[in-house]
1. Does the stretch 178-320 come out rounded, prolate or oblate, given a ≥ b ≥ c as the square roots of the eigenvalues of its C-alpha gyration tensor, rounded meaning a/c under 1.5 and, failing that, prolate meaning a/b above b/c?
2. Would you mind computing, in nm to one decimal, how far apart the modelled labels at SER528 and SER460 are, each placed 7 Å from Cα along Cα→Cβ?
3. Restricting attention to the stretch 16-92, which GluC sites (Glu not before Pro) occupy a DSSP loop and are surrounded by at most 10 other Cβ atoms within 10 Å?
4. Please report, in debye to the nearest 20, how large the charge dipole of the chain is about its Cα centre when each Lys and Arg carries +1 at its beta carbon and each Asp and Glu carries -1 there.
5. If you take all C-alpha pairs in the stretch 353-507, what percent of them are over 26 Å apart?
6. Long-range amide H contacts for ASN318: which residues qualify at under 5 Å (H placed 1.01 Å from N, peptide plane, sequence gap of 5 or more or a different chain)?
7. If I take every Cα pair under 8 Å that is 6 or more residues apart in the stretch 472-650, average their sequence separation and divide by the length, what percent do I get for the relative contact order?
8. For ASN502, list long-range residues whose amide hydrogen, built 1.01 Å from N in the peptide plane, is under 5 Å from its own amide hydrogen.
Amino acid sequence: MGRGVAHKLIESHLVEGEMVPGQPIALSVDQTLTQDATGTLVMQELEALRLDRTRAEVSVQYVDHNLLQADEKNAEDHEFLQSAAARYGFWYSKPGNGVSHPTHMQRFGVPGKTMVGSDSHTCAAGSLGMLAVGVGGLEVAMAIAGRPLRIRAPEIWGVRLTGELPEWTSAKDVILEMLRRHSTKGGLNRIIEYHGPGVATLSAMDRHVIANMGAELGATTTVFPADDAVRDFLRAEDREGDFVEVLADPDASYDVTDEIDLSQLEPLIAMPSAPDNVVPVREAAGEEVSQVVIGSSANPGLRDFAIAAAMVKGRQTNSAVSFDVNPSSRQIYADLTKMGATFDLIGAGARIHQAGCMGCIGMGQAPAVGRNSLRTFPRNFPGRSGTKEDSVWLCSPETAAASALTGVITDPRDLAEKLDMAYPRLELPERSSVNTRMLVPPPPLEEARRVELVKGPNISALPDFPPLPDRIEAPVLLKVADNVSTDEISPAGAQALPYRSNVPMLAEFTFTRIDEDYPRRAKEVAESGHVVIGGDNYGQGSSREHAAITPRYLGLRAVVAKSFARIHWQNLANFGVLALEFADPADYDRIESGDVLVVDGLHETLPARSEVTARNQTKGEDYTLRHRLSTPQVEAVLAGGQIPLLARELE
């Protein structure tokens, strides 16, 4: 039986184990990606590990999240990151150069390579035929130190694409259709591989849109073939020499299958407040809109901005709408301007912002309470926008532009009919405006060794966490529902993000979108620690390991949930928090906030068995709980985290 792209990428990098779904495997890592919201911790981890220099082929540190400099904190982070990049042999992408994922695709992505990144949307590089996995920062630090990526072998989910997208639809509608069908848990423990004749109709940047939001399906990653479309993309970036063909065998088989006829898709939109709350745009049509934002790593291509510019050219957006445009890279901004499209956007009333994540991570562009914001972004979790009671919708650039013009949610097909508007035929440049001057290369090793890390007052050291006690006897401080995201555990936004390098200060924001009093109550029970109870898919969304570190700093000993999102589950283990799942999900309903749980004999039980018994002292009940930790993960949890173990090994 033939092999698909995912199988070929895994086999070429497999250093331990066999490609059997569910079994542990280890993969060698060629490239690493870090960004500033998570990269400061990675650099602190490298310092704690006493690493000399990256052992990956390419490591790149991007500054794309914390761009607003309302005070000195973000500027201090940028100085620290640039000095650390030089010290450890990274490339450094300066503020304003672009969002990490499309910029990496333009400048560093290579078909056939593997990459890990401390950002859940690292999977976007699968658009080039790479095996790119979003993980926690500590796992990136381990890859930088030359360690393989250790995961459980995922199933390969083959999605066959046929047909061609009709006018007024685009790649965003493909991934929204996947979310409509399969939910935010549909891709758990799976790699999504797109194949079939419809793939050839999608450009490399179209594929980026789809691969990027594979993270919203909970997938380990997404892959596309490296074919002529990828060659064309790399040629436009003056990097055709990096092209390597990676194709699925004609008789490739997959563990799970699905099929989408692209020609049957229509404009779709994700309603508040989940990426899988998807309906046809016509079902939501007429809802008033106060903000429309185009940009982010989910729709980063020149085409995505140019189609919106062509739709609003010579027109004025609705007076009640703030029409915001966030270029995804400085290079794309330059091309957009050369085309004249920037002027068309400005003429239509657009507010042009700097190249970066901006409102996608809640750094500015927060909408008004109770007002609808349409965004070409990947996520609309509650409060992620920076507004606690937000109403964020996810859609394509076509739907966004149509709605900006009318002031209400509008299917672009209906607007076209009303205005007698032909679908724009774009003439995109064959060569990109390649500009590498905002990329700072790593210095030679001897020069790098002389670099001193620049640490302003807001740069703290990583806290030292003690080993896990043999007995946990602690109150349930918080009980949360299904699909709680890392945005709700450790919020982003302009208030919290500047403290990404300062764990004690960032801890004050922990869980405050769910319970504003959580940090104070956690400190009151610091001696015993505390437990959090979660529903299904606990910790979905961003890879930020702050969502494990700050609760741990406040005394979190264990999380008991119905199920966990992949990256957050690993992050909890990395920092010594015990992640347990209900053997009987009905037991979730039996526990209340304030109950005292006791789990005893952990040092003997965890290495020997996958089940433990928890006693609810308050109610006199016992619950059977399970863990899915590997032997190395058990060792890390018992030791209080991976860092003390790794530091000893690297000495």
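Read-outs: derived from the displayed coordinates by stated rules, not from any lab. Nothing here was measured: the structure is a model prediction, and the numbers come from that model. All Cβ positions, even for glycine, are placed from backbone atoms using ideal geometry, and neighbour counts span all protein chains on display.
1. Values: a/c = 2.24, a/b = 1.31, b/c = 1.71.
The shape class here is oblate.
2. Between SER528 and SER460, the label points sit 2.5 nm apart.
3. Here the GluC sites (Glu not before Pro) that fit, given the DSSP loop and packing criteria, are GLU18.
4. The dipole magnitude comes to about 1000 debye.
5. Numbers: 6833 of 11935 pairs.
Tail fraction, whole percent: 57.
6. LEU405, THR406, GLY407
7. 23
8. SER460
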